[in-house]
Amino acid sequence: VTLPGWKRNNLTYRIVNHTPDMSKKDVDKAVEKAFEVWSSVTPLVFSRIHEGIADIMIAFGTKAHGHCPRYFDGPLGILAHAFPPGIGFGGDVHFDEDEDWTAGSAGFNLFLVAAHEFGHALGLSHSNDQRALMFPNYAYVSLSEFPLSPDDISGIQSIYGSPSNAPDKRPPTPASPKACGSHMSFNAITTLRREVIFLKGRHLWRVYPDNLGVERELISTFWPTVSPGIEAAYENNKDQILFFKGNRFWVVSGYRVLLGYPKSINTLGFPKGVKKIDAAVCNKNTGKTDFFIGDKYWRFDENSQSMEKGYPRQTVKDFPGINQKVDAVFQQKGLFYFFHGSKQWEFDPTTKKVIREIKSNSWFNC
Amino acid sequence: VPVHPENDSQEDNAKLVQDYLNKFYAVESDPNQLGLKINVSDPKKLGWKTNAESTTQKLQKMQQFFGLKVTGKPDTETLEMMKKPRCGVPDVGLYG
């Protein structure tokens, strides 16, 4: 890394010229998405300007280009270069126009190369980890995958820190909650294939129902770009988990956080007035997901990816016995488990009855 | 005209290696040694010598960086790595 990096978190960029290999719209999109890769794991905010000097000036050129002290070498070889944070050329990014720039897997994918070069423009040097975006050689990776490796993330966060949304700010060394405490409550719970994952603050517990083992981990160990303090989570019918915090949500598939997330919950069909989700569960039998917010719930059709009409409805009317705000909920073996504070209710959706009330941490073999 | 593809290829490879190492494995900047240092290997010769690393040393550094077998020689694996399209920013030194 090049310390101290940029001294401001709000940085500007300007696309000085476009490559004729791609449409202007695709170039703009590739650049914007490449910045999003880094802004999703740092407090950095990037805004585009169309005139004047930006912190990061982006240009396409061939051989000796402008006043740049570094030359390009024609097709292949060197694809692009960038300068570390600073004035003058500092932060500037140049692409070799002699390459074949594309939005896909043919030639060289502009988004991937731009994301790599922006890493330099922000102060990262090359990584010798072949899985890292900052590895010097070009390699095409599926665009649905988040391109940063743990090495990239720890590098950039060593300069700028992690995302600093106000709700994420918490004491520097929070005590880890004890799963067997008598007042244990959870922020969110979801299934993950055969496991059940309980989330609270920065931690998660993995419970294997047919096994006595319980594992506690930091959420960031599995999904470094997902904020701590997740408020709701559920497993959909596409082997993905959706994590919710405030008005944003992430979609993960295995250890991968899908590109383009977090997104606003409004994209799911919630009106602007809905600021957060308390709990969510996808009913595996019906393919419908219920989102619990306060004393009401909304129903989302996973197949049509749309919110059902006639909602929100009172939770207690359709789930008799669930009188309190729902902290977390998940489904297992056909039954729903609703959580509030240190209690949970086992609910049979067929008979619409609470079967029993138990302690929230009954799953931990305490 | 007689053709010597092997010789040409060797020349090409030598040029590739030299260009690659000059671009990406140039001398690391050291604020305490401004490019020159006292030749202390022979105290009677109080001359100066350049601080440049040998091609072998640079090759070793490159091979180490890419996780290749560190031979200090431009073997096939190393040449293949050098031919791959890449970013123009050096891997060591000069960047900061």
Output for the stretch A:56-88, where each listed residue is surrounded by fewer than 17 Cβ atoms within 10 Å (Cβ to Cβ) and more than 22 Å from residue A:135 (Cα to Cα): A:62, A:63, A:64, A:65, A:66, A:67, A:68, A:69, A:86, A:87, A:88
Among (1) aromatic (Phe, Trp, Tyr); (2) in contact (Cβ under 8 Å) with a residue 24 or more places away in the chain; (3) surrounded by fewer than 21 Cβ atoms within 10 Å (Cβ to Cβ), the one test that residue A:292 misses: (3)
Filtered residue count, the stretch A:317-333, keeping only those that are closer than 14 Å to residue A:198 by Cβ and not in a strand (DSSP E or B): 1
Complete set of residues in the stretch B:79-93 that are within 13 Å of another protein chain (Cβ to nearest Cβ) and part of a helix (DSSP H, G or I): B:80, B:81, B:82, B:83
Conditions (1) closer than 20 Å to residue A:163 by Cα; (2) crowded, with 18+ Cβ neighbours inside 10 Å; (3) in contact with a helix residue (DSSP H, G or I) (Cβ under 6 Å, 6 or more places away or on another chain); number of the one not met by residue A:207: (1)
Members of the stretch A:334-352 found to be part of a loop (DSSP other than H, G, I, E, B) and in contact (Cβ under 8 Å) with a residue 40 or more places away in the chain, listed by number: A:334, A:341, A:342, A:349
Leading residue by the ranking (nearest to residue A:222 (Cα to Cα)) among those in the stretch A:255-303 that are part of a strand (DSSP E or B) and among the polar types (S, T, N, Q): A:264
Within the stretch B:53-77, considering residues that are surrounded by 16 or more Cβ atoms within 10 Å (Cβ to Cβ) and away from chain A (no Cβ under 13 Å), the one farthest from residue A:77 (Cα to Cα): B:53
Hits in the stretch A:128-152 (condition: more than 9 Å from chain B (Cβ to nearest Cβ), polar (S, T, N, Q) and outside any loop (DSSP other than H, G, I, E, B)): none
Scope the stretch A:353-366; condition part of a strand (DSSP E or B) and either in contact with a helix residue (DSSP H, G or I) (Cβ under 9 Å, 6 or more places away or on another chain) or not hydrophobic (A, V, I, L, M, F, W, C) (or both); matching residues: A:353, A:356, A:357, A:359
The stretch A:295-325, subset of a type in the set (Phe, Trp, Tyr) and under 16 Å from residue A:273 (Cα atoms), residue surrounded by the most Cβ atoms within 10 Å (Cβ to Cβ): A:297
Count - residues of the stretch A:43-86 that are touching a strand residue (DSSP E or B) at 6+ places or on another chain (Cβ under 7 Å) and under 17 Å from residue B:90 (Cα atoms): 8
Selection from the stretch A:1-45 of residues that are closer than 17 Å to residue A:87 by Cα, out of contact with any Pro (no Cβ under 7 Å at 6 or more places or on another chain) and aromatic (Phe, Trp, Tyr): A:13
Selection from the stretch A:49-72 of residues that are in contact with a Phe, Trp or Tyr (Cβ under 9 Å, 6 or more places away or on another chain) and at positive phi: A:63
Matching entry among A:254, A:201, A:229, A:260 (being over 22 Å from residue A:148 (Cβ atoms), surrounded by fewer than 20 Cβ atoms within 10 Å (Cβ to Cβ) and either at pLDDT 90 or above or of a type outside the set (Lys, Arg) (or both)): A:201
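The values are calculated or read from the model by the stated rules, or taken from the named source; none is laboratory data. Here the structure is a predicted model, which means the values were calculated and not measured. With ideal geometry, Cβ positions are generated from the backbone for all residues, glycine too; neighbour counts draw on all protein chains shown.
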